[in-house]
Structure formats: structure tokens, C-alpha cells
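> My questions all concern the structure below.
Each reported figure results from applying straightforward, stated rules to the coordinates on display, with no laboratory input. Computed from a predicted model, the values in this text were never measured in an experiment. Because the Cβ atoms are built from the backbone with ideal geometry, glycine has one as well, and the counts that use them run over all protein chains shown.
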Amino acid sequence: MVIDLSNPALSLFIFSSLLALLITIINRLAMGKDFLDNVKRRMEELREGMLEAQRKGEKEKVEKLMEDMLKLNTEYMKKSLKPLLISSILILLFFPLLQQRYTGKMISLPVSIPLFGGSVNWYIWYFMVSLAISWMIRKFLEE
């Protein structure tokens, strides 16, 4: 079986899938699953504590919990900046090549999609494939 990479839909699908996999792996390695799990767990604890304090009318406790949430969110943002920069560089390196190769080519879809119709340009196809594949990879990795 020979794969026809001259077909824009297939070649963009393969490229989008590989790039989505690479970006997901970079995020996973740079952020660490333990760190992400800890942040999710801690945020949920803080949210529950804040709701309880609001019900009881404890303003000082609510403010303290809000401050803790802000610190945790800041820590998360700092940790996520590195993978964001790496991903952005990868995308900025490859997008001019994709634009040069696929400008003017339309991808025919098997079904008509509202707002897009029966065909889309290379960028919309890349975006659709990348979102779907990234979601599947994250579900597979249980993020």
C-alpha cells in the first residue's frame, strides 16, 4: 500500500498529527504530569474552601484563599511559558513552508460544515485536524 502524499488533505493530516503529537509531548515533559495533577487537585481544594467560607460569610478566609489561588495560578503560568514558547517557535518555523506549499489549494470535505461549506483552505484544515488529534492524544494520555 502506497500513501499518496501529493494529496493535500492527507499530507496536511499527517503533518498536523505529527506536530500535534510533538507539541503535546513537549508540554507533557516540560510541565510534568505530577505538577499538573497537583495544581488541579489544589485548585479544587481552594475552590471548595472558598465556597464554604463564602457560605459562612468569612471574608478574611475568602480573601486568603483567593490570594492562594492567585499564587498557584501564577506558578502554573510561569511553568507553562516554556512549552508555549517552544510550541510557538515550532509553528512559526513550519507555517511559512505550509503556506508556500498549500496556498490556493482547497481541501474537499466529505460533508458540508456550517460556516465553511464542503471545502476549506489549508489553514482551516490544519486547525481542524490539529484540534481533533490533540484532543485524542490528551484523552489517550489521560491529561
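> Determine the alpha carbon to alpha carbon distance for each of Lys40/Lys61; Lys33/Lys64; Lys40/Lys139; Lys82/Lys139; Lys79/Lys139 and list only those over 18 Å.
Over 18 Å Cα-Cα: Lys40/Lys61; Lys33/Lys64; Lys82/Lys139; Lys79/Lys139.
> Taking 25 °C and 0.890 mPa s as the conditions, I'd like the Stokes-Einstein D for the chain in µm²/s, using the Kirkwood hydrodynamic radius from alpha carbon pairs.
On the way: Rh = 18.4 Å.
The estimated diffusion coefficient comes to 134 µm²/s.
> Would you mind classifying segment 85-131 by shape? Square roots of the alpha carbon gyration tensor eigenvalues, ordered a ≥ b ≥ c; an a/c under 1.5 is rounded, otherwise it is prolate if a/b is larger than b/c and oblate if not.
Since a/c reaches 1.5 but b/c is at least a/b, the shape of segment 85-131 is classed as oblate.
> Please give every one of the lysines within straight-line cross-link reach of Lys59, meaning a C-alpha to C-alpha distance under 22 Å, and leave out same-chain neighbours fewer than 8 residues apart.
Straight-line reach from Lys59, under 22 Å: Lys71.
> Taking segment 16-73 as the region of interest, what is the percent of Cα-Cα pairs per 10 angstrom bin, listed from the shortest bin to the one with the maximum distance?
22, 33, 21, 16, 7, 0
> Karplus couplings for segment 123-138 from phi (6.51 cos²θ - 1.76 cosθ + 1.60, θ = phi - 60°), rounded to Hz, Gly and Pro as x?
5, 5, 4, 4, 4, 4, 5, 4, 4, 5, 5, 4, 4, 5, 5, 5
> Further question on the same structure: Expressed as an acute angle from 0 to 90° and rounded to the nearest 10, what is the orientation of the C-alpha long axis of helix 8-31 relative to the principal long axis of the chain?
The answer is roughly 20 degrees.
> Determine the calculated [θ] at 222 nm for the chain from helices alone, applying -39500 (n - 2.57) to every DSSP H run no shorter than 4 residues and normalising by the residue count; nearest 500 deg cm²/dmol.
Mean residue ellipticity at 222 nm (helix-derived): -28000 deg cm²/dmol.
> So which chymotrypsin sites (Phe, Trp or Tyr not before Pro) in segment 43-143 pass both tests, a DSSP loop state and at most 16 other Cβ atoms within 10 Å of the Cβ?
Answer by residue number: Phe116.
> Would segment 1-47 count as rounded, prolate or oblate if I go by the C-alpha gyration tensor, calling it rounded below 1.5 in a/c and otherwise prolate when a/b exceeds b/c, oblate otherwise?
prolate
> Still on this model: What list do you get for Met77, Met50 if you sort them by fewest beta carbons within 10 Å?
Listing Met77, Met50 from fewest to most nearby Cβ atoms yields Met77, Met50.
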